[in-house]
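Just below is one structure, and these are the notes that go with it.
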Amino acid sequence: MEYPQTVGELTRTLRGGGYLADRGLSTALLVALSLQRPILLEGEVGVGKTEVAKVLAAVFGRELIRLQCYEGIDTNQALYEWDYARQMLHIRALSDRQIADEDAVDKLFGPKFLLERPLLAAIRAGEQAVLLIDEVDRADDEFEAFLLEVLSDFQITVPEIGTIKAAHPPLVVLTSNRTRELHDALKRRCLYHWIGYPAPAREVEIVGIRAPGVSETLTRKVVAAVNRLRELDLAKPPGVAETIDWVRTLDFLGETDLDPRSAGDTLGAVVKERDDLDLVRDNLEEITSGA
Ligand SMILES: Nc1ncnc2c1ncn2[C@@H]1O[C@H](COP(=O)(O)OP(=O)(O)OP(=O)(O)O)[C@@H](O)[C@H]1O
Ligand SMILES: [Mg+2]
C-alpha cells in the first residue's frame, strides 16, 4: 500500500482500520513512518497504545511482530535461541564417525537450529513489519540498554552465523504505562507521543466503531459516567477499553438507560478493584446523573 503523504490521509487510513487518531497522534505516526524513526507511546491504561500498532500493521499490509516485555525478559526471549531439543535429537542420530567430523558439529549451530524471536524476526522482515515492543517499562534496565543497541543500528550478530542487518528498518512502536521512568538514551532514539483520554465526543465515536449498533444515547451516558469515574481518585481508572466493555455489557443485557440500578448491576465491566468498587457504589447517583 502507498504510504500517506499527509496527516489527514493517515488519519483516514487508520479510521478505515477502525482506529480513531487525533491530529497529534497522526502527526507523530506520519513522521515515524516517513523518517523511519521508532515511536514511543506513553499514556493512561487502555487508551489505544497497543491497538494503534496492530492497526498500522493491518492497514499497510505489514506483519505485526510483537515483543511483550516483562520483568526478567532477556535476550534469549527477545532475539534468538538455539533449539536445544532438536540439536540433541540430531546429535543422537549422528554416528560416532560423523560426530568426529567438525562440519557436522558446525551444522548444529546453523540456521536450521536457530529459533527466531521477535527482534531477529523484525530485523529480517525489515520494512515488511511493524515491530511492537509492548510495555517496555516492565523490562529491566539491562534489557532497555540492549534494546537501545538494537534500535540504533537494526543489526544483530549471531556469533556462529554472522551479522544480520535490516536493509530498511521496520516501523517500531514502543509502548509504556510509565510504571517506571525510561532512560533518556532510549527516549532520545524515539519520537514521543503521550496518549491521554479522548475527549467525550471522540470517545463516543470510538465506541461507535468498536461496538456498532448500540444506541448513541446510551453510549453518551456511559461516556459521561466514565469521565466522572476518571475524576474520582480510583486506583484503576477506566480506559477506553472499559468504556467499550461497559456499553457492550449494558447492550447485551437489554438495558437502554444508564441509571444507578443498571450501572450498579454492571460495574464489573468498568471497575476492577475492590476499594474502587466501594467508592463508586457510594457515588452511583452522581456518576449516572445524565450526560
Ligand atoms: N483511538 C481508538 N480508536 C479505536 N479503538 C480504540 C481507540 N483507543 C482505544 N481503543 C479500543 O480500546 C481497546 C484498548 O486499547 P489498547 O489495548 O490498545 O490500550 P493500551 O493503551 O495498550 O492499554 P494498556 O495500557 O492496558 O496496555 C482497544 O482494543 C480498542 O478497541
Ligand atoms: Mg497495551
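The values are calculated or read from the model by the stated rules, or taken from the named source; none is laboratory data. Predicted model, so just to flag it, every value in this text is computed and none were measured. When we count neighbours, we look across all protein chains shown, and the Cβ atoms used for this are built from the backbone with ideal geometry, even at glycine. Areas reflect the complete protein model, heavy atoms only, side chains present, ligands, DNA and RNA absent. Shrake-Rupley method; radii C 1.70, N 1.55, O 1.52, S 1.80 Å.
Regarding the range 250-262, can at least one residue be identified that is part of a helix (DSSP H, G or I) and under 16 Å from Glu44 (Cβ atoms)? No, the range 250-262 contains no residue that is part of a helix (DSSP H, G or I) and under 16 Å from Glu44 (Cβ atoms). Of all residues in the range 31-54, those being open to solvent by less than 10 Å² (accessible area, probe 1.4 Å) and either within 14 Å of ligand 2 (Cβ to nearest atom) or in contact with a Ser or Thr (Cβ under 6 Å, 6 or more places away or on another chain) (or both) number 6.
Yes or no: the range 125-148 includes at least one residue that is open to solvent by less than 60 Å² (accessible area, probe 1.4 Å), in contact with a Gly (Cβ under 8 Å, 6 or more places away or on another chain) and under 26 Å from Val47 (Cβ atoms). For the range 125-148, residues open to solvent by less than 60 Å² (accessible area, probe 1.4 Å), in contact with a Gly (Cβ under 8 Å, 6 or more places away or on another chain) and under 26 Å from Val47 (Cβ atoms): present. Looking across Val207, Val223, Val214, one residue alone is in contact (Cβ under 8 Å) with a residue 60 or more places away in the chain and not acidic (Asp, Glu). It is Val223. Candidates are the residues of the range 212-235 that are open to solvent by 50 Å² or more (accessible area, probe 1.4 Å) and closer than 19 Å to Ser289 by Cα; the one that is modelled with the lowest pLDDT is Asp233. Checked against the criterion of being in contact with a Lys or Arg (Cβ under 8 Å, 6 or more places away or on another chain) and either more than 16 Å from ligand 1 (Cβ to nearest atom) or of a type in the set (Phe, Trp, Tyr) (or both), the candidates Gln36, Gln77 yield just one match: Gln77.
In this structure, Ala166 does not satisfy being modelled with pLDDT of 95 or more and on the phi < 0 side of the Ramachandran plot. Being open to solvent by 50 Å² or more (accessible area, probe 1.4 Å) and within 14 Å of ligand 1 (Cβ to nearest atom), is that true of even one residue in the range 153-175? No - not one qualifying residue is present in the range 153-175.
Residues that are surrounded by fewer than 21 Cβ atoms within 10 Å (Cβ to Cβ) and closer than 19 Å to Glu116 by Cα within the range 61-71 comprise Arg62, Glu63, Leu64, Arg66, Gln68, Tyr70, listed in sequence order.
When the helices (runs of 4 or more DSSP H) confined to the range 15-121 are screened for residues that are at pLDDT 95 or above, those reaching at least 2 such residues are found at 23-35, 49-59. Only one entry of Pro238, Pro200 meets the criterion of being within 30 Å of Leu14 (Cβ to Cβ) and open to solvent by less than 20 Å² (accessible area, probe 1.4 Å), and that entry is Pro238.
Anything in the range 217-235 that is under 15 Å from Gly196 (Cα atoms) and among the charged types (D, E, K, R)? List them, or say none. Those that are under 15 Å from Gly196 (Cα atoms) and among the charged types (D, E, K, R): Arg230, Glu231. Condition test on Thr6, is it touching a Ser or Thr at 6+ places or on another chain (Cβ under 6 Å) and β-branched (Val, Ile, Thr)? Here the answer is no, as Thr6 does not meet what is asked. Looking only at the range 135-156, residues that are outside any helix (DSSP H, G or I), more than 16 Å from ligand 2 (Cβ to nearest atom), in contact (Cβ under 8 Å) with a residue 60 or more places away in the chain and not charged (D, E, K, R) come to 1 in all. The condition of being out of contact with any helix residue (DSSP H, G or I) (no Cβ under 9 Å at 6 or more places or on another chain) and buried (at least 21 other Cβ atoms within 10 Å of the Cβ) holds for only one of Ala58, Ala28, Ala21, that being Ala28. Do you know which residues across the range 1-42 are within 19 Å of the chain's Cα centre (by Cα) and basic (Lys, Arg)? Of everything in the range 1-42, those that are within 19 Å of the chain's Cα centre (by Cα) and basic (Lys, Arg) turn out to be Arg15, Arg37. All of (1) farther than 16 Å from Ile39 by Cβ; (2) part of a loop (DSSP other than H, G, I, E, B) hold for Leu182 with one exception: (1).
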